[in-house]
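Structure first, commentary second.
Read-outs: derived from the displayed coordinates by stated rules, not from any lab. All figures in this text were calculated on a predicted structure; none of them were measured in a lab. All Cβ positions, glycine included, derive from the backbone under ideal geometry; neighbour counts span all protein chains shown.
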Amino acid sequence: MRLVLFALAAATLAATPAMANEGRIEARGGVIWNGSDSEAIAGVAAGYDFDMGDKSFVGLEVSGDKILEDNTRVSFGASARAGVKTGASGKLYAVGGYATKPCKFCEDSVNLGAGYQHNFGQNFYGKVEYRHNFVGNGVTDTDVAGVGLGMRF
């Protein structure tokens, strides 16, 4: 299932370069928590945003994130985001997606959240983001708050 999602996302990104506003790659980190535990998390992501006029955009993203604890593995994700441009340097957006399970006994999850991305100069940006992971199957939901630093091209 996750290979199909990543193949579809990659094909979409590769097939539409003429429509693209900007591609991006980033390193990110933050904290993931549930009702009783919290852990550091780190990862990478790549995405493409498409202009929907002067003031709005939509985008796709693929990611790999790891809870920085023993016996966890990389959780791969595919997300979409949509938002508004806040002047020449900022983007305020809602985000939603799917992520594979981050450990042997965990579950896959669907997530929803929001974020803000701000450009620093011509090619670099920083962002802050929050996501709520809906896990299901009787497993406690988790939340992620993070920051990212990246390059636009």
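With R₀ set to 22 Å, the beta-carbon distance separating N137 from E69 gives a calculated FRET efficiency near 0.60.
What is the local net charge at K91, summed over the other residues whose Cβ is closer than 14 Å to its Cβ (Lys, Arg +1; Asp, Glu -1)?
Details: positive: R24, K55, R81, K85, K127, R152; negative: E22, E26, D49, D51, D54, E61, E129.
Net of charged neighbours comes to -1.
Among the listed pairs K101/K127; K66/K127; K66/K101, those whose Cα-Cα separation exceeds 21 Å are K101/K127. At full extension, D37 and N21 could sit 1.8 nm farther apart than now, given 0.36 nm per residue minus the alpha carbon distance. Based on DSSP H segments of at least four residues, each scored -39500 (n - 2.57), the chain has a per-residue ellipticity at 222 nm of -3000 deg cm²/dmol. All other residues whose Cβ lies under 13 angstrom from that of S36 are scored, Lys and Arg at +1 and Asp and Glu at -1, for a net of -4. Put in line by how crowded their Cβ is, counting other Cβ atoms within 10 Å and starting with the fewest, S89, S75 read S89, S75.
In percent, how large is the relative contact order of the stretch 2-152, given Cα pairs closer than 8 Å and 6 or more residues apart? Intermediate values should be presented prior to the final figure.
Numbers: 380 pairs, mean separation 30.6, N = 151.
RCO, the stretch 2-152: 20 percent.
The trypsin sites (Lys or Arg not before Pro) of the stretch 67-153 that meet both conditions, a loop assignment by DSSP and at most 10 other Cβ atoms within 10 Å of the site Cβ, are K104. Across every direction, the projection of the convex hull enclosing the Cα atoms of the chain has a mean area of 8.9 nm². Taking Lys and Arg as +1 and Asp and Glu as -1, the other residues whose beta-carbon sits under 15 Å from that of L68 total -2. Stretched out straight at 0.36 nm per residue, the stretch from D51 to F124 would grow longer than its current Cα-Cα span by 24.4 nm. Average 1/r across all pairs of distinct alpha carbons in the stretch 85-146, invert it, and you get the Kirkwood radius: 13.2 Å.
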